[in-house]
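Each value in this text was obtained by applying a stated rule to the coordinates, not by laboratory testing. This is a predicted model, so every value here is computed, not measured. Here the Cβ is made from the backbone with ideal geometry for all residues, glycine too, and neighbour counts use every protein chain on show.
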Amino acid sequence: MCTSDHVETPRRHIPGPVKVLLIVQSFVIAYLGIWMYENYQNDFYFQAYVNASLQGSGFTIVALSSVGIFSAVAMGLYMKLRRTHKELEHLIMTEDSTPEEQGSSTILEPHVEQHLINMIRKATPGDTSGASSSMPVLKRENSQSSR
């Protein structure tokens with residue numbers, strides 16, 4: 001019987017050389033970014049080029065903001081996809097387990113269901129002399145024996 005909501009999923013294996021390559025690429029990109037910033041601070045011609053490129057054209061700002069917005073939307077959709085995938089795996093695992101492990105197939109807990117039945121009986125108008133033939137009979141649809 002599974003008591004936790006955590007579902008064990010097989011992880012995709014990323015080879016060691018690929019991890020090393022990703023780390024090296026990250027350092028190279030960070031180094032080049034820092035180098036360009038320092039070069040911009042000290043080189044008048046580079047400052048003039050960057051200012052002329054960004055001045056008057058809002059295309060760069062629009063392009064960067066569009067990429068940022070679309071990246072955020074894509075990340076949100078990917079996170080939702082992963083959560084849905086985990087929920088589906090959990091449902092598949094519970095379908096594969098035996099009915100004894102799953103418990104009752106009703107949506108409500110048994111004591112809540114009994115409470116609702118009692119409330120319906122109290123709220124139904126009719127005589128209290130014991131004529132229960134007018135009272136609807138509520139039955140469970142599952143074929144499990146009561147515990």
Checklist entry - For the pair Glu109 and His85, what calculated FRET efficiency results from E = 1/(1 + (r/R0)^6), where r is the Cβ-Cβ distance and R0 = 35 Å, to the nearest 0.05? => result 0.80
Checklist entry - What is the extension gain from Ile14 to Ala63, computed as 0.36 nm multiplied by their sequence separation minus the C-alpha to C-alpha distance, in nm to one decimal? => result 14.4 nm
